[in-house]
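Engineer: The structure that follows is given in the form of C-alpha coordinates.
The values are calculated or read from the model by the stated rules, or taken from the named source; none is laboratory data. Here the structure is a predicted model, which means the values were calculated and not measured. Glycine also receives a Cβ, built like all others from the backbone with ideal geometry; neighbour counts cover every protein chain displayed. Note: accessible area is taken over every heavy atom of the protein model, side chains too, but ligands, DNA and RNA are not part of it. Shrake-Rupley method; radii C 1.70, N 1.55, O 1.52, S 1.80 Å.
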Amino acid sequence: MLFLLFTALPCILGSYLIGAIPFGLLLSRGSGIDIRTQGSRNIGATNVTRLLGKKIGVLTLCCDMLKGYLPMFVVSLLLRTDPNHDLVVALCGAATVLGHIFPVYLRFKGGKGVATALGAFLYLAPLATLGCLLIFAITVVLSGYVSLGSLLGSASILVMLLVLRVPVWKFWLAAGIVLLIWLKHHQNIKRLLSGTEKSWQKKDNG
(Lines give C-alpha, C1' and ligand atoms only; values in the text may rest on other atoms or scores of the structure.)
Protein backbone atom coordinates (compact mmCIF):
# COMPACT_ATOMS: atom_id res chain seq x y z
CA MET A 1 0.00 0.00 0.00
CA LEU A 2 2.81 2.44 0.87
CA PHE A 3 4.52 1.63 -2.43
CA LEU A 4 1.31 2.38 -4.30
CA LEU A 5 0.76 5.70 -2.50
CA PHE A 6 4.27 7.09 -2.52
CA THR A 7 5.87 5.59 -5.62
CA ALA A 8 3.51 4.05 -8.18
CA LEU A 9 0.76 6.66 -8.20
CA PRO A 10 3.09 9.68 -8.49
CA CYS A 11 4.92 7.98 -11.37
CA ILE A 12 1.68 7.16 -13.19
CA LEU A 13 0.18 10.61 -12.58
CA GLY A 14 3.40 12.30 -13.70
CA SER A 15 3.43 10.17 -16.86
CA TYR A 16 -0.16 11.19 -17.61
CA LEU A 17 0.60 14.88 -17.12
CA ILE A 18 3.63 14.65 -19.42
CA GLY A 19 1.61 12.74 -22.02
CA ALA A 20 -1.09 15.41 -21.84
CA ILE A 21 1.25 18.23 -22.92
CA PRO A 22 -0.19 19.38 -26.30
CA PHE A 23 3.04 20.00 -28.16
CA GLY A 24 1.29 20.42 -31.51
CA LEU A 25 -0.80 23.24 -30.10
CA LEU A 26 2.13 24.86 -28.29
CA LEU A 27 4.40 24.75 -31.33
CA SER A 28 1.70 26.22 -33.57
CA ARG A 29 0.92 29.18 -31.34
CA GLY A 30 3.30 31.58 -33.06
CA SER A 31 1.68 30.92 -36.45
CA GLY A 32 -1.65 32.44 -35.53
CA ILE A 33 -3.37 29.21 -36.61
CA ASP A 34 -5.46 27.26 -34.14
CA ILE A 35 -4.94 23.67 -35.26
CA ARG A 36 -8.02 22.65 -33.26
CA THR A 37 -10.29 24.52 -35.68
CA GLN A 38 -8.64 23.80 -39.05
CA GLY A 39 -7.75 20.76 -41.11
CA SER A 40 -8.68 17.61 -39.21
CA ARG A 41 -8.85 19.68 -35.99
CA ASN A 42 -6.41 17.23 -34.47
CA ILE A 43 -3.47 18.32 -32.28
CA GLY A 44 -1.17 15.64 -33.70
CA ALA A 45 1.74 15.81 -36.12
CA THR A 46 -0.27 14.94 -39.24
CA ASN A 47 -2.56 17.94 -38.94
CA VAL A 48 0.30 20.22 -37.87
CA THR A 49 2.28 19.19 -40.95
CA ARG A 50 -0.72 19.80 -43.19
CA LEU A 51 -1.34 23.27 -41.79
CA LEU A 52 2.14 24.54 -40.87
CA GLY A 53 4.62 22.55 -42.92
CA LYS A 54 7.06 19.70 -42.44
CA LYS A 55 9.47 21.44 -40.05
CA ILE A 56 6.86 22.09 -37.34
CA GLY A 57 5.21 18.78 -38.12
CA VAL A 58 8.41 16.78 -37.58
CA LEU A 59 9.16 18.71 -34.39
CA THR A 60 5.65 17.91 -33.12
CA LEU A 61 6.15 14.26 -34.01
CA CYS A 62 9.45 14.08 -32.12
CA CYS A 63 8.05 15.80 -29.04
CA ASP A 64 4.98 13.56 -28.98
CA MET A 65 7.18 10.48 -29.33
CA LEU A 66 9.50 11.60 -26.54
CA LYS A 67 6.63 12.08 -24.11
CA GLY A 68 5.72 8.44 -24.71
CA TYR A 69 9.28 7.14 -24.35
CA LEU A 70 10.89 9.25 -21.62
CA PRO A 71 8.48 8.60 -18.71
CA MET A 72 8.82 4.85 -19.18
CA PHE A 73 12.59 5.08 -19.48
CA VAL A 74 12.99 7.28 -16.40
CA VAL A 75 10.62 5.22 -14.24
CA SER A 76 12.40 2.07 -15.36
CA LEU A 77 15.69 3.49 -14.10
CA LEU A 78 14.20 4.72 -10.83
CA LEU A 79 12.50 1.42 -10.02
CA ARG A 80 14.92 -1.01 -11.62
CA THR A 81 15.39 -2.99 -8.38
CA ASP A 82 11.75 -2.93 -7.31
CA PRO A 83 9.72 -6.16 -7.70
CA ASN A 84 6.79 -4.13 -9.09
CA HIS A 85 8.99 -2.55 -11.77
CA ASP A 86 7.27 -4.07 -14.82
CA LEU A 87 3.75 -3.24 -13.66
CA VAL A 88 4.52 0.39 -12.87
CA VAL A 89 6.40 0.95 -16.13
CA ALA A 90 3.49 -0.58 -18.08
CA LEU A 91 0.96 1.64 -16.33
CA CYS A 92 3.15 4.70 -16.96
CA GLY A 93 3.28 3.83 -20.66
CA ALA A 94 -0.49 3.54 -20.81
CA ALA A 95 -0.82 6.80 -18.88
CA THR A 96 1.25 8.76 -21.41
CA VAL A 97 -0.98 7.65 -24.29
CA LEU A 98 -4.12 8.34 -22.26
CA GLY A 99 -2.72 11.77 -21.49
CA HIS A 100 -2.28 12.58 -25.17
CA ILE A 101 -5.75 11.32 -26.10
CA PHE A 102 -7.50 12.83 -23.07
CA PRO A 103 -5.35 15.81 -21.96
CA VAL A 104 -6.49 17.54 -18.80
CA TYR A 105 -5.06 20.81 -20.15
CA LEU A 106 -7.49 20.76 -23.10
CA ARG A 107 -10.62 19.56 -21.31
CA PHE A 108 -9.77 15.97 -22.27
CA LYS A 109 -10.01 16.63 -26.03
CA GLY A 110 -6.71 15.49 -27.49
CA GLY A 111 -5.11 13.64 -30.35
CA LYS A 112 -5.24 10.06 -31.55
CA GLY A 113 -2.19 8.85 -29.66
CA VAL A 114 -0.20 7.42 -32.57
CA ALA A 115 3.08 9.34 -32.10
CA THR A 116 2.99 8.97 -28.30
CA ALA A 117 2.29 5.26 -28.71
CA LEU A 118 5.24 5.08 -31.10
CA GLY A 119 7.47 6.43 -28.34
CA ALA A 120 6.11 3.83 -25.92
CA PHE A 121 6.66 1.09 -28.51
CA LEU A 122 10.25 2.25 -28.98
CA TYR A 123 10.83 1.62 -25.30
CA LEU A 124 9.08 -1.74 -25.37
CA ALA A 125 10.75 -3.19 -28.47
CA PRO A 126 12.81 -0.99 -30.83
CA LEU A 127 13.19 -3.71 -33.47
CA ALA A 128 9.46 -4.44 -33.61
CA THR A 129 8.77 -0.70 -33.79
CA LEU A 130 10.96 -0.37 -36.87
CA GLY A 131 8.90 -3.11 -38.46
CA CYS A 132 5.59 -1.39 -37.75
CA LEU A 133 7.02 1.90 -39.07
CA LEU A 134 7.88 0.12 -42.30
CA ILE A 135 4.33 -1.20 -42.59
CA PHE A 136 2.98 2.29 -41.86
CA ALA A 137 5.16 3.83 -44.58
CA ILE A 138 4.32 1.19 -47.19
CA THR A 139 0.59 1.49 -46.45
CA VAL A 140 0.61 5.28 -46.75
CA VAL A 141 2.61 5.21 -50.00
CA LEU A 142 0.39 2.57 -51.59
CA SER A 143 -2.98 3.78 -50.32
CA GLY A 144 -2.44 7.48 -49.63
CA TYR A 145 -4.22 7.12 -46.28
CA VAL A 146 -2.31 8.13 -43.14
CA SER A 147 -5.18 6.80 -41.03
CA LEU A 148 -4.94 3.35 -42.63
CA GLY A 149 -1.18 3.37 -42.15
CA SER A 150 -1.65 4.21 -38.47
CA LEU A 151 -4.19 1.42 -38.00
CA LEU A 152 -2.20 -1.29 -39.76
CA GLY A 153 1.13 -0.12 -38.38
CA SER A 154 -0.12 -0.12 -34.80
CA ALA A 155 -1.81 -3.52 -35.14
CA SER A 156 1.33 -5.06 -36.65
CA ILE A 157 3.30 -4.37 -33.47
CA LEU A 158 1.32 -7.11 -31.74
CA VAL A 159 2.33 -9.74 -34.29
CA MET A 160 5.95 -8.65 -34.09
CA LEU A 161 5.99 -8.75 -30.31
CA LEU A 162 4.66 -12.30 -30.40
CA VAL A 163 7.30 -13.32 -32.92
CA LEU A 164 10.04 -11.75 -30.80
CA ARG A 165 8.65 -13.44 -27.67
CA VAL A 166 8.86 -10.36 -25.49
CA PRO A 167 7.77 -10.49 -21.82
CA VAL A 168 4.02 -10.86 -21.54
CA TRP A 169 3.56 -7.47 -19.83
CA LYS A 170 4.98 -5.72 -22.88
CA PHE A 171 2.54 -7.49 -25.18
CA TRP A 172 -0.50 -6.63 -23.07
CA LEU A 173 0.58 -3.02 -22.70
CA ALA A 174 0.96 -2.75 -26.47
CA ALA A 175 -2.43 -4.44 -26.95
CA GLY A 176 -4.10 -1.88 -24.69
CA ILE A 177 -2.46 1.00 -26.51
CA VAL A 178 -3.43 -0.40 -29.92
CA LEU A 179 -7.02 -0.73 -28.74
CA LEU A 180 -7.03 2.95 -27.70
CA ILE A 181 -5.64 3.98 -31.10
CA TRP A 182 -8.28 1.99 -32.98
CA LEU A 183 -11.08 3.34 -30.82
CA LYS A 184 -9.86 6.88 -31.40
CA HIS A 185 -9.83 6.22 -35.16
CA HIS A 186 -13.45 5.02 -35.25
CA GLN A 187 -14.54 7.83 -37.57
CA ASN A 188 -11.62 7.15 -39.92
CA ILE A 189 -12.54 3.47 -39.98
CA LYS A 190 -16.11 4.32 -40.96
CA ARG A 191 -14.85 6.59 -43.76
CA LEU A 192 -12.39 3.96 -44.98
CA LEU A 193 -15.13 1.35 -45.12
CA SER A 194 -17.50 3.70 -46.93
CA GLY A 195 -14.83 4.94 -49.34
CA THR A 196 -15.12 8.55 -48.21
CA GLU A 197 -11.77 8.90 -46.45
CA LYS A 198 -9.59 11.48 -48.20
CA SER A 199 -6.01 10.62 -49.07
CA TRP A 200 -2.93 12.39 -47.76
CA GLN A 201 -2.30 13.83 -51.21
CA LYS A 202 -5.80 15.33 -51.09
CA LYS A 203 -5.33 16.60 -47.54
CA ASP A 204 -7.05 13.77 -45.76
CA ASN A 205 -8.97 14.59 -42.65
CA GLY A 206 -7.47 11.82 -40.55
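Engineer: Let me check I've understood the local charge: for Ala125, count other residues with C-beta under 11 angstrom from its C-beta, Lys and Arg +1, Asp and Glu -1. What total comes out? If you can, show how the numbers build up before the last one.
Structural biologist: Values: positive: Arg165, Lys170; negative: none.
In short, +2.
Engineer: Any idea how far apart Leu162 and His186 come out in nm if each label point goes 7 Å out from Cα toward Cβ?
Structural biologist: Roughly 2.6 nm, to one decimal.
Engineer: While we're looking at this one, here's another question. Residues with beta-carbon under 11 Å from that of Gly99, excluding Gly99: net charge, scoring Lys, Arg +1 and Asp, Glu -1?
Structural biologist: Working: positive: Lys67; negative: Asp64.
Neighbourhood net charge equals 0.
Engineer: Under a point-charge model restricted to the Cβ atoms of Lys and Arg (+1) and Asp and Glu (-1), what is the dipole moment magnitude of the chain relative to its Cα centre, in debye to the nearest 20?
Structural biologist: Numbers: 19 positive and 6 negative charges, 141 e Å.
Value, rounded to 20: 680 debye.
Engineer: Hey, can you list the DSSP H helices of the chain whose Cα span along the axis is 20 Å or longer and whose average Kyte-Doolittle score is at least 0.0? Show your work: numbers first, answer last.
Structural biologist: Working: long enough: 54-78 (35 Å, 1.24); 85-101 (24 Å, 1.47); 126-143 (25 Å, 2.28); 146-164 (26 Å, 2.28); 168-184 (24 Å, 1.65).
Counting only whole DSSP H runs, the qualifying helices are 54-78, 85-101, 126-143, 146-164, 168-184.
Engineer: Go ahead and estimate [θ] at 222 nm for the chain from helices alone: -39,500 (n - 2.57) per DSSP H run with n ≥ 4, summed, over the residue count, rounded to 500. All intermediate terms of the calculation are to be shown ahead of the outcome.
Structural biologist: Numbers: 10 runs with 141 residues, N = 206.
The helix contribution divided over the chain gives -22000 deg cm²/dmol.
Engineer: Also, quick follow-up: Given a 1.4 Å probe and every protein chain left where it sits, what share in percent of the accessible area of the stretch 62-206 is carbon and sulfur?
Structural biologist: Working: 5290 of 7400 Å².
Solvent-exposed carbon and sulfur of the stretch 62-206 make up 71 percent of the total.
Engineer: Give the accessible surface of the stretch 19-123 per residue, rounded to a whole number of Å², with probe radius 1.4 Å and ligands, DNA and RNA excluded.
Structural biologist: Values: 4920 Å² over 105 residues.
Heavy-atom SASA per residue in the stretch 19-123 reads 47 Å².
Engineer: Can you tally the net charge around Ile18? Count Lys and Arg as +1, Asp and Glu as -1, for every other residue whose Cβ sits under 14 Å from the Cβ of Ile18. Please list the in-between numbers first.
Structural biologist: Working: positive: Lys67; negative: Asp64.
Computed value for this residue: 0.
Engineer: Moving to a separate point now. Beyond a 26 Å Cα-Cα separation, which of these cross-linked pairs lie in this structure: Lys55/Lys170; Lys54/Lys112; Lys112/Lys198? Mind dumping the intermediate values first?
Structural biologist: Working: Lys55/Lys170 32 Å; Lys54/Lys112 19 Å; Lys112/Lys198 17 Å.
Check vs 26 Å cut-off fails for Lys55/Lys170.
Engineer: Which residue, Leu142, Leu192, Leu87, has the most motion in a Gaussian network model of the chain that connects Cα atoms within less than 10 Å?
Structural biologist: Per the Cα network of the chain with a 10 Å cutoff, Leu142 tops the list.
Engineer: Among the trypsin sites (Lys or Arg not before Pro) in the stretch 10-49, which ones are in a DSSP loop with at most 14 other Cβ atoms within 10 Å of the Cβ? Mind listing them?
Structural biologist: Numbers: sites: Arg29, Arg36, Arg41; in loops: Arg36, Arg41.
Taking the stretch 10-49 and a limit of 14 other Cβ atoms within 10 Å, the loop trypsin sites (Lys or Arg not before Pro) found are Arg41.
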